[in-house]
Structures are given as C-alpha cells and as structure tokens.
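A short reminder: the numbers here are calculations on the coordinates, not readings from a lab. Predicted, not measured: the structure shown is a model, and the values here were computed from it. Quick reminder, even Gly has a Cβ in these numbers, built from the backbone with ideal geometry, and neighbours come from all protein chains shown.
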Amino acid sequence: MKTLLKNAKIYVEKGVYAQALYQEDGWIKFVGSDEDAKAFEAGADRVIDCGKKTVIPGFNNNHSHPLMVAEFKSYCDLYGAESIDEIVERGKAFLAQMEHPERGMRCTGWNVNFFTSGEKRPPNRYDLDRISTEIPIVAQDAAEHETVCNSKAMEVVGFTKDSPDVDGGVIWRDENGEPLGNFAENAQAVVKPAVPVPDMADIEKGFREVMQELLKCGYTSVQANDAGITKTPAEVYECLHRMRREDSLLVRYHTQNCYENMNDLKAYIAGEYAHGVYDDYLSRGPLKLFKDGTIGSRSALLDRDWADDPGNRGQSVNSNEKLLALSKLAQENGMQIICHCIGNQAITDLVDIYEQVQPAPGNPLRNVVNHCQLMTMPLIDRMADLNITAAVQPIFLNSDLHALATRVDDDFGRTSNAYRTMLEKGIPMSFGTDSPVEGYDALAVIYSAVTRKDLKGYPPEGYYPGECLDVETAVDCFTIGSAYQQFMEDRKGRLKPGFFADLCVLSEDIFTVEPDRIKDIVSVLTMVDGKIRYEA
Ligand SMILES: [Zn+2]
C-alpha cells in the first residue's frame, strides 16, 4: 500500500512542520512540501487531501490494561458515580438487565474523589446489600486497589469475623471485628473469586471493541500490562500471538508482564521470553512490578504521614527484598523493568533497587518508574542523574488535584506531578492513561498536561500552573517519549523518513486551538503501519 497525504499541517518536530507525507508499506519515505510531493502522486494507491488538517504521530500509551478494559465491558460501570446512592442505583439498573444474574455481578470504577453528595467514604457491604442480598456482588474501585463486596459474596467465599488478615492487604472491620466488606491491596484476592470472571473468548470479543476505541482516540500503539493481570499469562500470550498472525491486532501491542514470584518469572524467562515470536508490531516488553498503592486510598507509600491522616504513611505492597530479587533476575536476563510507584518513599526504594541491579551505570535497560507522582526536589534530581524514565498519566490530575489539596502540604504538592520541572531536569518522560483507571481519551491527556485543570475546567488558572507543558512537548511525550520507553525512538514516534507510518489526522489544529478545547478534538483518520485502520 502506498499513500500520499497532502495539503496538511504535518508535525515533524518542535517548530518544524511540513505539508505532505508519503508512505510505502508502512514506512515513511518522504515528508516535505506539496510541491515536492507531486513526484509521488502518480505512484500512490491513494491520495488523501487533508484539507489543511493537522497530522501528528499516532499516540503511544505508556501503560494500560486493554484486556481488562475489555473484561470490564461485562461489568456494571460505576465510573464517575457521584454518591453511594448513585452506586446503588446503577447497580440495581444493571442487575435488572443481566442475562445470568445467578453468576453474580462484578462492578468497577467507583472513586470516592468523585462523590459530591452523601457520605464521602468507600461503599461497604451494607450499601451493596441494597442492590441485592441474593446474588454475590463485588465492586472494584477505579484505581484497582480496593474491592468492596456484599454480604452474599462474603458468604460465598466463606469470609467471616474469624477469618485472618492478609499480608500486604487491608481488611476493614467494625468495632466488633465484623468485616465491612472492604478489601484493599492484596486482600482483594480473598473476595474476588465470589463472582467468576468472564472467559477468554468474551474478553477477546471486548478487546476487538476496545481496539476500535483506541483508533478513534488516535492511538497506534499500546504498551499493555495484561499478562499476569487478566486471565493466565498463557491465555493472554496465546490470544495476542493468534491475533497478530490473523492481522486482527489493529494497533501495535507491547507487552508489560507481571510476575510476582521467582519461579513464575524463571518459567517466563525460559519459555515465552526466550521463544515467543515477536516483532515491531507485537513486541516483547518489560517485567511489571508493584511497590505501593494510590493517592485515592492514601495507600501510596510516603516518607511522612498523609497530611489528613496522621500516622498513615501508606502501604508497601511488596517488600524491597522481594522486588530486589525479581529485579536482579530480570536485569541479568537483559529484561527492562517498569514498577508501579506513586509515593516518594516507594520511588526512593525502587530507585535504590535500580541502582543496585542495573548492569552498568546510566540505566542502559531504561528501567521505568510508573506513575511517579509524589516527588521531592532531591528525588527529581536523583532520577534525572540516574536517567530513569518517568511513565506518567497526566489525566490522573482530573481526580488527584482535588484529593491532593488536603492530603499533602503545599511544598510537597508543588514538586509532585511536576512534569515541566522533571523534563527540564532531564528525566525521560512518556504519557499514558493506565486504563481502566482512566478512560483512553488521548486528547484529554494532552489537555491535562497543557492546562492542569480537571475536565470541568477547575481550577481556572490550572493546578500549579508553572508545571503546564506547551502542546508540542505534550505531544512529544505521548509519541517519541513513549517510543523511547520501548527502545523504538529510532523508528517510531516521529513523522520523518525511516519511521513507521503510524499517524492520526486531527479534527482541529491541536497546536493553535484554545487549550481548553484540546479535549474536544478527535482523530478523523488513524493509520497504523501504513494501513488506514479508522476513518471518520
Ligand atoms: Zn496499571
């Protein structure tokens, strides 16, 4: 396939724009003026007049869980619910249309930060009992760090007042020791089996819909942590390899692989890692680890108390010894690492580990701190010195800017989520969404980084506005920055000859539009590997 795009505003790099682009079989051959592009017109299978529209490299999501998003399509969606009452109402409405209620109901997406009326606390078993006491119900929060269940679900898994607590987890109980139905971090595993998950065929069906949504948002690549999160890793790899062979994988997929014990990681290294068939389209990525929790549940690990919760410094979900052993094994096998760290103590612990295990100074395996939110200036300097990548999700500001107002003091808030300072210090940075924690809307991510407002426009001047990015920098983080994270910055993330023909044509000029309107822009055409996969 040979395609010529002309009469366009093509973003080449900061301050550099072209009018036309020509691609052959997935590779960009020419970027330049409409005049010079005439030479390619006769040989092209298709010539697209872009009507002066803006063309940028396709977005590359630094971290998300597309198969989990797919799985959640069969769940009751609680995202954006503004009260416990609304959660109950949504649950009742979902139950009324379920085909097989006897299997139980899974819900997802609740977030206390979005509550505007009633009690501002996580729902508990007694709230969910208002939906049903007949069928088991489990409901996970948007950040995937807490699961609440109803009384029937506790009965199904046999969890009682006398059941023990769980290492690395929190189980909420009332003053009499009676469990309230809230299971955080590792304790979630106790109650989730009360409702069986959909099978792989159902998830694959949902994944096909998710890929269409990704294309509409202008994505051409996802770095995806599904292996070890959704179903078994073997099922996930089988599905991905088969879809790649059938050419039904509509966006490029880069694996992030969760392994939390040494034997599983050894088996992965000896098996899939050594022998799996990968290329630039379905590519093999890093080991994925977890160190702490979230801002929403005050479980991110800090070196100080949470300002509004004295005595609480958050949660270490995996010991440093365990992470060190896993990291050492990964690095000895040339495997990059990306680890979930939100609090500054978690990030410090992880950076200590990276310093110990890297095969040479300078972070040659490009180990990544995922999320990397609550930072101090010395920690920013240290990450910059060690050349450690920060994989950030600016859309998190939509809810976190509200939570952080009371949870950290001004000094700490100022150096947290400080994208501009981090970039100026030299920290490599990539962008993403961590979906299903947030939606996949790529333009909302750019909007968040550029305006630092929530999606309703609050605060009008932006949250620590000194940290706002210009649009070109934000687009770069989400394209070439994300490509660097996967060692592909020499061929992905720019619209230049020798790079992949992965691009999207935007409905409006992202570089000149009023910043508040960036979130309303959509892709009108998305090309992956030279193939037009989506056209409005
Ligand atoms: Zn995640």
Env charge @ ARG173, Cβ radius under 13 Å, K,R +1 / D,E -1, value -3
Expressed as a whole-number percentage, the relative contact order of the range 98-186 with C-alpha contacts under 8 angstrom and at least six residues apart is 26
Taking a crude spin-label model, label points 7 Å out from Cα along the C-beta direction, the SER283 to ASP34 distance in nm is 3.4
About its Cα centre, the range 415-486 carries a charge dipole, from +1 on Lys and Arg Cβ atoms and -1 on Asp and Glu Cβ atoms, whose size in debye to the nearest 20 is 120
Non-local residues with an amide H under 5 Å from the amide H of GLU508, with H modelled 1.01 Å from N and Pro and chain starts lacking one, are VAL522
Amide H neighbours of ASP303 at under 5 Å, excluding residues fewer than 5 places away on the same chain, with H built from the backbone geometry, are ASN344, GLN345
Taking every DSSP bridge whose two residues both lie in the range 89-180, the antiparallel percent to the nearest 5 is 45
For the chain, cysteines with no other Cys Cβ under 4.7 Å from their own Cβ are listed as CYS50, CYS149, CYS217, CYS239, CYS258, CYS339, CYS341, CYS372, CYS468, CYS477, CYS504
Of all trypsin sites (Lys or Arg not before Pro) in the range 77-122, the ones in DSSP coil with at most 13 other Cβ atoms within 10 Å are LYS120
Relative contact order in percent for the chain (Cα pairs under 8 Å, 6+ apart) equals 17
With only helices counted (DSSP H, runs n ≥ 4, each -39500 (n - 2.57)), the per-residue ellipticity at 222 nm for the chain, to the nearest 500, works out to -8500 deg cm²/dmol
Working note, the chain: Cα radius of gyration (Å, one decimal) and Dmax (Å, whole number) are 23.2, 80
Note on the range 285-405, DSSP bridge orientation, antiparallel percent to nearest 5 equals 10
